[in-house]
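Asks: Quick one: the structure is below, and I'll ask about it shortly.
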Amino acid sequence: MSAATKFMSSAGGIVVSPWRTEHDIILAFKYNWLTRHVVRETNELFPYLSHRQHLAAMQLADGLGAPIARMWQRHHNEIQRQASIEFNLHRETIMSVILKWFKINCPEISTKISCWHSLEVMFSGCPGKPTRWRVRGSKTPVYMFSEKRESAWMNPPLKEGTSLLLTQHTGGWFVEMSPPIEGMRCIPAAYTEAALEHTHEPEVTPNGELRPLRLTMDDLDNLLQRADVASLRCWLRRARLYFTDSGDTSMAALLDRHLDDGCPRAAEAAEDLRLDADGATSPLCFSHQYLTEFWTHNWAEIGERLNASAKKDLAQAFSRGDNATAKLQETGEEKASFKYSHLQVSLTLLFRIGAFFIKVPNVLQVQPYFQVMVSYDVLSVIQAIKVRLGFKKGQSQVTEYYKRQEKCKACINKGMAFCDRQRVAQAMLQSGHNDSLDSCVPKTLEEKRRCTRFALPENSSLWVGAGRIFEKEMCPCYDQATGAPISPDWITAKDHCEEMRWAGQEEDLRRATKISDWNQGFVSQGFDRANRISLGSALDYSGPKGCQHGFRCCGTIVQGNEIMRCVKERSLTSTGTFRWWPKCKYFRPSDEAAEAEAKVVWSHVRDGYMCAPVDGASSPFDGHWRLDEDKRWVRDLEADRDADFLEAGEPVETLETTGGLEDL
């Protein structure tokens with residue numbers, strides 16, 4: 001080689017270098033320290049105040065000299081608001097009126113035909129109509145979600161045949177119509193296409209009358225509690241239009257009487273708070289948005305009506321107390337300061353192999369090389385070790401997390417609920433979270449309200465110095481990092497206990513992993529998840545491993561759709577003479593969709609793991625195939641079952657290819 005390079009150099013001036021290699025190991029550290037200040041004006045709190053807090057603010061401002069009662073009456077009597085009153089009512093008001101109408105006019109709601117007709121009239125043309133579903137047998141496991149987020153799915157999956165009574169919300173989520181004292185359970189709309197099926201009741205009664213989905217009075221109550229507010233408003237609007245033939249008990253008459261009475265059910269929750277506004281409906285009857293509009297339109301005028309001392313007293317009412325992270329400023333805003341430290345550690349391995357460098361003077365220079373770079377996120381390893389080591393009282397974060405889970409399950413076993421206040425306490429209290437905040441509470445609507453509003457625990461000193469608005473409840477509460485509204489979690493099921501939020505930044509990583517699992521499909525992610533935690537000495541792949549022994553993975557593209565099939569090798573070699581080697585090009589199924597293409601050529605897919613189901617709804621894999629006795633390509637369901645691609649108990653039968661690709 002040296003003689004050749006010397007000749008090239010002497011004859012043409014071409015210079016050729018020897019091979020060169022370079023190896024680098026780079027360990028990089030990055031540490032950030034920052035302080036985040038969040039300032040919120042008082043009017044930014046109004047959309048998230050409870051009705052009790054709204055009424056307390058009104059009563060206080062009215063007592064300080066602002067004509068709140070007259071302002072409220074003026075605000076309420078605007079013509080455009082009266083014309084669309086159902087769009088401004090609180091959901092509690094709508095629920096109470098609809099339920100009262102059915103209790104008076106349809107006490108036999110589950111058996112009376114006229115009541116079925118009334119339900120159909122109310123639901124017609126509106127979203128959220130209740131539907132009954134059943135979990136069907138499929139490779140897509142169905143998980144319930146504790147909230148309408150992709151990261152909130154709970155183990156274990158629902159069993160085949162489980163019946164669900166659901167109402168649809170905006171955003172593509174279905175919510176289970178469970179009693180309101182229970183925690184929310186919902187599923188995404190994707191399941192209704194991939195793993196659920198409608199369960200149809202008889203459409204016609206023995207008398208020939210059309211019957212909708214049968215609901216009991218308890219079902220209707222649960223539906224009203226769980227339905228989306230847009231659905232409730234639509235149902236009330238239709239009921240006011242069509243339920244008019246019962247005189248004093250018509251829907252419109254019941255609504256007027258309920259408003260005149262000051263919405264008693266909501267008034268009970270507000271305790272002794274009242275606003276004397278002659279001729280105007282109580283603020284407790286209206287939605288948060290409607291009350292927020294009142295404050296927005298009148299806040300400046302209220303400030304003008306009060307003297308300096310009264311302004312200070314009104315501002316002081318919005319103080320969260322001495323222990324709160326958000327402090328009331330002299331200018332009236334609340335300010336919260338949070339300190340963050342963030343460490344980034346990465347390890348990079350760089351391997352560069354340079355081939356011959358060729359140089360022709362004054363003409364060109366070629367420097368070919370191959371480079372491989374591998375980067376590792378070392379911080380994730382450090383965090384994993386950190387949470388498993390005990391730095392406080394000898395207990396690691398993992399141990400404390402598991403203890404809280406067991407405490408939660410103990411509450412469920414007693415028939416009580418568990419109020420998880422940890423995330424909110426760490427964000428809103430200087431003292432943070434402590435064990436006294438973890439407690440079992442009675443499973444009632446009042447306790448649920450107190451939990452989700454972070455209400456003052458009995459005999460607690462956490463709220464010392466709080467003003468009138470926050471003297472009994474801390475929320476609205478906000479996340480430290482994002483500033484988004486948050487609230488404690490109301491837990492009534494052991495499945496939810498297993499998914500309690502982690503205390504710390506690692507929760508974001510855990511949630512991101514759960515979202516990734518959901519987006520990638522539960523079929524590929526869900527196989528033997530529990531066993532994957534136990535790391536043995538053997539290298540084993542968890543999940544479908546491709547074609548069965550004796551089958552070849554073949555693929556093609558038909559009309560833009562990729563298709564993968566496992567084809568029996570013996571069938572491939574028996575398609576003609578002198579075909580000793582099984583080749584995918586011998587695979588000629590007679591699918592109607594395949595015949596639509598001029599030429600469909602099947603080729604060998606060398607990555608055999610591609611021939612396995614990835615997602616029950618959109619997987620390109622189409623099972624195992626073989627030749628039958630009549631030399632027709634048919635589906636080999638026996639091989640599919642051996643590969644665990646079919647559910648146990650599913651009948652084994654031969655599937656002809658006609659229409660097979662259309663099903664994909």
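Asks: Step by step: first the residues of region 387-418, then only those that are modelled with pLDDT of 75 or more and more than 22 Å from residue 146 (Cβ to Cβ), then the one that is surrounded by the most Cβ atoms within 10 Å (Cβ to Cβ). Which residue is that? First the steps, then the outcome.
Replies: Kept after step one, since they are modelled with pLDDT of 75 or more, are these residues of region 387-418: 396-418.
Restricting the remaining residues to those that are more than 22 Å from residue 146 (Cβ to Cβ) gives 396, 399.
Details: 396: 16, 399: 14.
Applying the filter and picking the extreme gives 396.
Asks: I've got another one for you. When only residues in region 34-55 that are among the β-branched types (Val, Ile, Thr) and not in a helix (DSSP H, G or I) count, which is surrounded by the most Cβ atoms within 10 Å (Cβ to Cβ)? Full working, then the answer.
Replies: Of region 34-55, the ones among the β-branched types (Val, Ile, Thr) are 35, 38-39, 42.
Within this subset, residues satisfying the condition of being not in a helix (DSSP H, G or I) are 35, 38-39.
Values: 35: 8, 38: 15, 39: 13.
Within region 34-55, the match that is surrounded by the most Cβ atoms within 10 Å (Cβ to Cβ) is 38.
Asks: Run down 197, 150 and say which single residue is at pLDDT below 85, outside any loop (DSSP other than H, G, I, E, B) and either among the aromatic types (Phe, Trp, Tyr) or surrounded by fewer than 17 Cβ atoms within 10 Å (Cβ to Cβ) (or both). Talk me through it step by step, then tell me what you get.
Replies: Working: 150 fails: outside any loop (DSSP other than H, G, I, E, B).
From the options 197, 150, the qualifying one is 197.
Asks: Right, next: What residue, among those in region 221-244 that are open to solvent by less than 20 Å² (accessible area, probe 1.4 Å) and not in a helix (DSSP H, G or I), is nearest to residue 92 (Cα to Cα)?
Replies: Of everything passing the filter in region 221-244, 227 is nearest to residue 92 (Cα to Cα).
Asks: Report the residue count in region 316-375 for those that are among the charged types (D, E, K, R), surrounded by fewer than 14 Cβ atoms within 10 Å (Cβ to Cβ) and touching a residue at least 12 places away in the same chain (Cβ under 8 Å).
Replies: Step one: of region 316-375, the residues among the charged types (D, E, K, R) are 320, 322, 327, 330, 333-335, 339, 352, 359.
Of the ones still in play, those that are also surrounded by fewer than 14 Cβ atoms within 10 Å (Cβ to Cβ) are 322, 330, 339.
Imposing the further condition that a residue be touching a residue at least 12 places away in the same chain (Cβ under 8 Å) reduces the set to 322, 339.
Result for region 316-375: 2.
Asks: Return the only residue of 167, 192 being within 27 Å of residue 497 (Cα to Cα), open to solvent by less than 40 Å² (accessible area, probe 1.4 Å) and modelled with pLDDT under 90. Walk me through it before giving the result.
Replies: On the way: 167 fails: modelled with pLDDT under 90.
Going through 167, 192 in turn, just one is within 27 Å of residue 497 (Cα to Cα), open to solvent by less than 40 Å² (accessible area, probe 1.4 Å) and modelled with pLDDT under 90: 192.
The values are calculated or read from the model by the stated rules, or taken from the named source; none is laboratory data. What you see is a predicted model; the values in this text were computed from it and never measured. Cβ coordinates were reconstructed from backbone atoms using ideal geometry, including for glycine residues, and neighbour counts include every protein chain displayed. All accessible areas refer to the heavy atoms of the entire protein, side chains included, with ligands and DNA or RNA removed. Shrake-Rupley method; radii C 1.70, N 1.55, O 1.52, S 1.80 Å.
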